[in-house]
Structures are given as C-alpha cells and as structure tokens.
Amino acid sequence: MLDATKLRGILPATPTPVTADGTIDVAASKALFSWLNRQGIDGVVPLGGTGEYGALARAERNRFAALTVEAMAGKKPVIAGVLDTGYHDALAAGRDFAAAGVDGLLVLTPYYTNPTQAGIRDYFLRYADESPVPILIYEIPYRTRIAVDPEVLHELSRHERIVGMKACNTDMYHFLRTMAGLDPSFAMLSGEDTLFPLHVAAGAKGGIVVTANLLPRAWRLVFDLASSGKTAEALEVHRTLIPMMNLAFAETNPGPMKSVMGLIGVNAPAMLPPLREPRPELREALKSELSRLLTTYEGLPAAAVA
C-alpha cells in the first residue's frame, strides 16, 4: 500500500508518447521507461497535464496506465493523474487506473464549478473514502484558477488515505503556510521545476518534476543537495538548468520537451489537439541546450549523494 514513506525524491511527470493517429506509441513508451529506470528515478507520474490527459481517449489512458505499471514492475510507485472535472468521472477513471495496477492517484482540484473551500474539502474526503488506492492532492491554480486554503490542506493531510500532495501554487508564502500545519505522515511534493530547491529546503520530500524526464541525474543532484541542507549549492546547480527550463516551458508543456526527447532515445514528438509541436527554432534551441546539459550531468551516479 502506498504511503508517504514511498513518496520521496525525483518522480518525473511523464509525457505520453503517441503516434500520428493519437494512440499510444508502445515502443517509444518502453524506451522512455527504460531510460528513466536506468537513471535511478524514484517513481513516475503518468497521465497528468504533461501526459495530455484531457486529449487522450479514455481507452488510451487506461492502456498507458497498464503499460507504465508493467514497466515499473512493482519496483517504483506509479501515481496516475486524474484530471476529470466531475466527481463521478474522476472516480471512474481512478478505479480504471487502480484496476490496471497503479499504486496511487494524483487527483486534481475540482474546477470550472468554482467550489467553496468547504466543497473542495468534501470532494477530496469523499474521493479518498471511495478510491480503491491512496490519493495525492493536485493543486495547480494557474491552470484551474482554484487554490486550496492551507487550513483545508492541513485537515485533508490527516486523512489516512490522502498521503501527499503535488504543490504547483507558485505563491511561496502559501507553500510555507501549508507546510506549517501538515500531518507528519503527509508527503508534500514540489510540482514546480522552477521552485523545486526552495520547496525542498522548506520541507518538501521531493518533487514531481517535468524536465526530470530529460535530466534525471541533474535533478537528483539538486534534490540531494537541498534535502541535506546545502541550499546554496542546490540553487547553484538549479541555476544551470534555468535556460533549459525557459525553453522547455516557452510553449505549452509537453510540446517542447517531446520534440527533443530523441536525444535520450525516445522518438515520439507528436502532440494531441489542441496542442501542436513547437516552433522549429524553439526545438533547435532546446535541443542545443539539452545536449550541453546531458554532457555535463549524464555522467553523475544514478543516485548521487552530496
């Protein structure tokens, strides 16, 4: 059973390799998971926003969940994203993913309906009670326009089946207020590549990191430094990644990242509507920057300890 002790370190938010017709590219998916396993990641988070959840057909989501579980072979946790807008569809998706063998679910805050804080609390409590596997809260207000009050998160963190959270609220004071009242058993995970070392320094147990697909060992180094109290050193390494992050997020994720994954042996740049592949000049600039960083960091041990 997934618990907070298994939610630590670097968990890439994985893209979904697809073919031109929008179905799963099995060969590229296996290549991605093979790469990540060789790099020493601590788990994977498929089918979130990076995984183009809303654009994938439901059957393809279930297929990718099963493929991810097979690739991890029970050695690392698989936490599948659930991004549906309505409770019943979200629960049905979670049950499908649990049947495929995932260890946990990353459940997005309910959006569009503009719920009250009490409504958000009730939603997660009910979902946790009815879910077949433990859940993590996914808060990303710049996408959903829904933020969760720290006091509500404190209450939710005490539910035995709500084991963690992906924090994508870029307000650092909100993060600090949230950390101040969480249950000790709860695993806070950074969801922002751009703020990752600060989140870890403030108490995050690790992160669900998009560009860790490309540079797992660099992100491992940042985590090891930040989690051992070497915040200045972690920020120094993180600064070397800023040009890459600026390019990776210059157009909607995961377009730029998918366009350069051939450099790590994953050739599946196709995107699902309404997203599209990035501008050629952006792709080439990111490819050049990633090549430089791979040369710098790929030789690090898979689990470097500072």
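The values are calculated or read from the model by the stated rules, or taken from the named source; none is laboratory data. Every value quoted in this text rests on a predicted model; they were computed, and no experiment measured them. Note: ideal-geometry Cβ built from the backbone for every residue, glycine included; neighbour counts use all protein chains shown. The area values use the complete protein model at the heavy-atom level, side chains included, leaving out ligands, DNA and RNA. Shrake-Rupley method; radii C 1.70, N 1.55, O 1.52, S 1.80 Å.
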Is it the case that residue 179 is under 15 Å from residue 79 (Cβ atoms), out of contact with any Phe, Trp or Tyr (no Cβ under 7 Å at 6 or more places or on another chain) and not small (Gly, Ala, Ser)? no
Which one of the conditions (1) over 22 Å from residue 48 (Cα atoms); (2) touching a residue at least 40 places away in the same chain (Cβ under 8 Å); (3) hydrophobic (A, V, I, L, M, F, W, C) does residue 235 fail to meet, given that it meets all the rest? (2)
Search result, residues across the range 146-177 that are of a type in the set (Phe, Trp, Tyr) and either in contact with a helix residue (DSSP H, G or I) (Cβ under 9 Å, 6 or more places away or on another chain) or under 13 Å from residue 189 (Cα atoms) (or both): 175
Taking only pairs six or more apart or across chains, which ones have beta-carbon atoms under 6 Å, a first residue in the range 78-94 that is on the phi < 0 side of the Ramachandran plot, and a second residue that is acidic (Asp, Glu) and part of a loop (DSSP other than H, G, I, E, B)? 78/103; 90/84; 93/84
Please verify whether residue 40 is in a loop (DSSP other than H, G, I, E, B), in contact (Cβ under 8 Å) with a residue 12 or more places away in the chain, closer than 14 Å to residue 211 by Cα and not basic (Lys, Arg), treating the condition exactly as stated. no
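Residue under question is residue 28, and the condition is that it be without any contact (Cβ under 8 Å) to a residue 40 or more places away in the chain and over 26 Å from residue 188 (Cβ atoms); does it hold? Steps first, answer last, please.
Values: without any contact (Cβ under 8 Å) to a residue 40 or more places away in the chain: no; over 26 Å from residue 188 (Cβ atoms): yes.
Considered against the rule, which asks whether it is without any contact (Cβ under 8 Å) to a residue 40 or more places away in the chain and over 26 Å from residue 188 (Cβ atoms), residue 28 comes out as no.
Being within 20 Å of residue 31 (Cβ to Cβ) and either open to solvent by 80 Å² or more (accessible area, probe 1.4 Å) or among the charged types (D, E, K, R) (or both) narrows it down to one of 292, 279, 283, so name that one.
On the way: 292 fails: within 20 Å of residue 31 (Cβ to Cβ); 279 fails: within 20 Å of residue 31 (Cβ to Cβ).
Just one listed residue meets the conditions, 283.
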Residues of the range 237-259 being open to solvent by 20 Å² or more (accessible area, probe 1.4 Å) and charged (D, E, K, R), in sequence order, are 239, 251
